[in-house]
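Visitor: Right, I'll just put the structure down here and ask away after.
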């Protein structure tokens, strides 16, 4: 095993943020209580949706398939525990259903699943199907189906797999505790991912402020050819572009992905979930979540069933509503502000932050942009955030696209340093959603146009064929009439 500490300086487009990790860094993982209800999210990556394959009133076991992605990918969602399916909003025939609610029976009975301990001897295509059926998606926040990403990487012929254990955002310690306590299981999953991606080189990258996790990784990697790289602490060291450049020296051009340069990145929690799915046959029904913030009396790192509501979690950990300023699902920079306590924890939710004063994103009344350029100085994608903000607010989606909106990684660094307290990332997310809707509408219109043209061409062919057949019939009739007349005129 190679253990190399990067001697590179901290990149210029980065932030040195207060970590706020001390409250949970040394707290071991503990199981979250099994609450009376679970609200399993049905929304998928890129605006996709999972459709329920169970009915209201039906009893399910833990790990049983309850919904399937409607895009034909085969991605499945599973009940995190046993209980009864509860209808929502009249069920609506599964349309517009955002969550699948389960009334927990408290028995926690699990369905039988098929482990694949000899996975190295199996066809990779079969393993990818198994991973998709287990519902494994990116745990870092994107929630992209892991099997799809691995298949794309194998098709592109990647040579390097990077396991992202940086966890650079303030407050988050879920990955750090996962590595500290379950490093062997994580590395087991890393080997599965490397095998499926066809990667000859594997790097685990972690920041230098996690000595206990680093020691656990070194022990798990003893005698291994997997590289352990120690990064300097900065934000956002965990972004794919920053990570790939730091570790391989390869610059990712605008509009391209790491796999186009022969690199695949996966989050450390995704590796853990992949190992559990393949080696032990466990579908993705839980994840490690950091519950923290000034407004929480008992912060911790919890193993949480997917679908657990943030209200139940925070109440159980002693929420102090007087100190609560805002709740974020995810980190203070990349997370979403949550106002509904019924919001469930999903596969891409590494943290529930009950922030008080001085935590989370800096607050204040939004003021007009003063063109100070601070946002551009810290943008790791080297964009012009103030221009993107102007285009987004004006609804000029074409200009926003031309100026690289798709390259924005939504790290929140620009909003963090903005003296005018402009919610820049929220503007970018809205603009991206508008662009996605416009692209979808354009694609649907183009599909309708092509379908109409094909129909018109088919009708024209049918008319031509009918006309040809009519002429042939007339010709045959004419021939018959001519023969009849010739017979009547013969002497």
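Visitor: Do any residues in segment 3-24 that are under 23 Å from residue 178 (Cβ atoms) have Cβ atoms under 6 Å from those of residues that are assigned to a loop (DSSP other than H, G, I, E, B) and modelled with pLDDT of 90 or more, where the two are at least six apart or on different chains, and which pairs are they?
Guide: Qualifying pairs under 6 Å: 17/170; 19/170; 20/170; 20/171; 21/173; 23/299; 24/173; 24/299.
Visitor: Also: Among (1) under 22 Å from the mean Cα position of the chain (by Cα); (2) assigned to a helix (DSSP H, G or I), which single condition is residue 218 missing?
Guide: (1)
Visitor: Yes or no: residue 342 under 21 Å from residue 22 (Cα atoms) and either in contact with a helix residue (DSSP H, G or I) (Cβ under 8 Å, 6 or more places away or on another chain) or part of a loop (DSSP other than H, G, I, E, B) (or both)?
Guide: Values: under 21 Å from residue 22 (Cα atoms): no; either in contact with a helix residue (DSSP H, G or I) (Cβ under 8 Å, 6 or more places away or on another chain) or part of a loop (DSSP other than H, G, I, E, B) (or both): yes.
When the stated conditions are applied, residue 342 does not pass them.
Table: residues versus (1) under 17 Å from residue 149 (Cβ atoms); (2) touching a residue at least 12 places away in the same chain (Cβ under 8 Å).
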| residue | (1), (2) |
| --- | --- |
| 195 | yes, yes |
| 207 | no, yes |
| 211 | no, no |
| 221 | no, yes |
| 226 | no, yes |
| 231 | no, yes |
| 237 | no, yes |
| 249 | no, no |
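Visitor: Among the residues of segment 62-109, which ones are modelled with pLDDT of 90 or more, surrounded by fewer than 18 Cβ atoms within 10 Å (Cβ to Cβ) and part of a loop (DSSP other than H, G, I, E, B)?
Guide: 105, 106, 107, 108, 109
Visitor: Considering only residues that are surrounded by 14 or more Cβ atoms within 10 Å (Cβ to Cβ) and either part of a loop (DSSP other than H, G, I, E, B) or in contact with a strand residue (DSSP E or B) (Cβ under 7 Å, 6 or more places away or on another chain) (or both), which ones fall in segment 116-126? Give the derivation first.
Guide: So the first thing to find is which residues in segment 116-126 are surrounded by 14 or more Cβ atoms within 10 Å (Cβ to Cβ), and the list is 116, 119, 124.
Selection gives 116 alone.
Visitor: Regarding segment 231-243, can at least one residue be identified that is over 29 Å from residue 404 (Cβ atoms) and not assigned by TED's automatic domain parsing to the domain that holds residue 380?
Guide: So far as segment 231-243 goes, no, none of its residues is over 29 Å from residue 404 (Cβ atoms) and not assigned by TED's automatic domain parsing to the domain that holds residue 380.
Visitor: Turning to a different aspect of this structure: Test of understanding: among 333, 313, which residue is on the phi < 0 side of the Ramachandran plot, in a helix (DSSP H, G or I) and under 23 Å from the mean Cα position of the chain (by Cα)?
Guide: 313
The values are calculated or read from the model by the stated rules, or taken from the named source; none is laboratory data. Keep in mind the model is a prediction, meaning the values are calculated, not measured. Here the Cβ is made from the backbone with ideal geometry for all residues, glycine too, and neighbour counts use every protein chain on show.
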